[in-house]
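Asks: I have a structure here, written as structure tokens, and I will follow up with some questions on it.
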Amino acid sequence: MSFHSGRGRGGRGNPSKSFSSPNAPSGAQPRLQVCRNFASTGTCQHNDRCKFAHVVKMHASVVASDKNPDAKPSYNNYHGGRGSGSNKQKDKHKVTSVAVWETNGAIKLFTGSHDGKWRLWATAPAAGGGTGATLTKEFEHFVGGPVDTVHIASHYFFCGFEASPVEAPEAKAGMVHSWNLNAAQDPPMELWLGPMAKYAGSGRIRSLWTTQDGRVWSGGTDGAIRQWAFDPAGGPAGKGGFALLRSMCGHLGAVTGLALVGGILWSGGMDGTIRLWNVDTGDNAHVIPSIKKDVAANGGAPVGHSGPVTGLIPFEAPNAQGSFVFSSSLDETVKVW
């Protein structure tokens, strides 16, 4: 199995561009808060006199989940006080993830939500020659339980969600299904621990990473990272699917981020640690430990995170300047490794 044709991606960076506000006078204090008028419309009546930054513009927005009938109403107003207005966001299921699919010159989006659905959206320029873009829903599919992560590798779409396995209908487990987008009518491939355990983990699947040669890593709330490889006869009923190669344990809580850099798999977790794994052996080669808040490590500045790690993003600097990994955390920091 190869993921070479087509591509999916996350965010891109351009280190050559500055993040300073273009409407900030030379020598002035940076304007860190975004101007709402400019972000939503692309214009601001105050122009250079505006006290807020004119740096980003929202090109499109779409509601990507259904209403949550169990949501509790919120009466907090914008200023944090008590008010009579309701918070419309509170009555929707959470949208947990988004993945970009580039296909035949078009850009499409997959989204996943806790309403149990993944959705496919087409993008197009705004109608009437206006600025921005439109998102139109092409398809939605109910998988049976909350979707925690979606991921694209070429023309293969992966979805991690929670559902009840057939052998234990009163229990919940983490599932991963994969669709071949070039044969969308075919049933999805499923990642199973084994023929008697038709699920991908005992906890929900919070993170996924894939390679072009058909390898997949999944990280779950059970703290385990599992490595899978495509097997032409490894799926249900002897059809093509993914076979479990190994499990890698070490995190004390959910694995929230995965990133492959060379032959090393990086993982971040709710326990605050970042672990580095040898992908050939599955050994935990290194660990960046979490630290106690306000405690310096080794007599200097803190090295690791003091709160749960929420994500990892790898980055290859241009002109062979090196490989980097960005980690974010609930300790209010982003660190670059």
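The values are calculated or read from the model by the stated rules, or taken from the named source; none is laboratory data. As the structure is a prediction and not an experimental result, all values here were calculated from the model. Every residue, glycine among them, receives a Cβ derived from its backbone with ideal geometry; neighbour counts consider all protein chains shown. Just so you know, the surface numbers come from the protein's heavy atoms only, side chains and all, with ligands and any DNA or RNA stripped out. Shrake-Rupley method; radii C 1.70, N 1.55, O 1.52, S 1.80 Å.
Asks: Compute the distance in nm between two label points, each set 7 Å from the Cα along the Cα-to-Cβ direction, one at Ala126 and one at Lys293.
Replies: Simple spin-label model gives 4.2 nm for this pair.
Asks: Let me ask you something else. How large, in percent, is the carbon and sulfur part of the accessible surface of the range 158-226 at a probe radius of 1.4 Å?
Replies: Working: 1520 of 2910 Å².
C and S atoms contribute 52 percent here.
Asks: Please give me the summed charge of the neighbours of Gly42: other residues whose Cβ is under 15 Å from its Cβ, Lys and Arg +1, Asp and Glu -1. Kindly include the intermediate steps, with their values, before the conclusion.
Replies: Numbers: positive: Arg36, Lys57; negative: none.
Net charge in that neighbourhood comes out at +2.
Asks: Considering the alpha-carbon set of the range 170-218 alone, what are its Rg and its Dmax in angstrom?
Replies: Calculated on Cα positions, Rg and Dmax stand at 12.0, 37 Å.
Asks: Strictly greater than 24 Å: what percent of every Cα pair in the range 165-274 meets that? Can you show the working numbers first?
Replies: On the way: 1484 of 5995 pairs.
The share of Cα pairs beyond 24 Å in the range 165-274 comes to 25 percent.
Asks: Another one. Highest mean first, how do 257-267, 276-286 rank when packing is the count of other Cβ atoms within 10 Å averaged over residues? Working shown, then result.
Replies: Working: 257-267: 18.9, 276-286: 14.6.
So the order, starting with the most tightly packed, is 257-267, 276-286.
Asks: Next up: Using alpha-carbon positions, what is the distance between the centroids of the range 252-288 and the range 139-192, in Å?
Replies: If we compute the Cα centre of each part, the gap is 24 Å.
Asks: Using 0.36 nm times the number of residues separating Cys249 and Phe324, minus their current alpha carbon distance, what extension gain do you get? Please report the intermediate quantities before stating the final value.
Replies: Working: separation 75, 0.36 × 75 = 27.00 nm, distance 2.40 nm.
Gain on stretching Cys249 to Phe324: 24.6 nm.
Asks: Something else now. Per 10 Å bin, what percent of the C-alpha pairs of the range 119-213 does each bin hold, from zero upward?
Replies: 14, 39, 28, 13, 5, 1
Asks: Sorting check: for 105-112, 144-151, which peptide has the highest mean count of neighbouring beta carbons within 10 Å, and how do the rest follow? Before the final figure, lay out each step's value.
Replies: Values: 105-112: 18.1, 144-151: 22.1.
Result, highest mean first: 144-151, 105-112.
Asks: Okay, next question. Which value, in Å², gives the accessible area per residue of the range 125-221 when a 1.4 Å probe is used on the protein heavy atoms?
Replies: Spelled out: the 1.4 Å probe surface of the range 125-221, per residue, equals 46 Å².
Asks: Could I ask something else about it? Sticking with the crude label model, points 7 Å out along Cα→Cβ, report the distance from His46 to Val336 in nm, one decimal please.
Replies: 3.0
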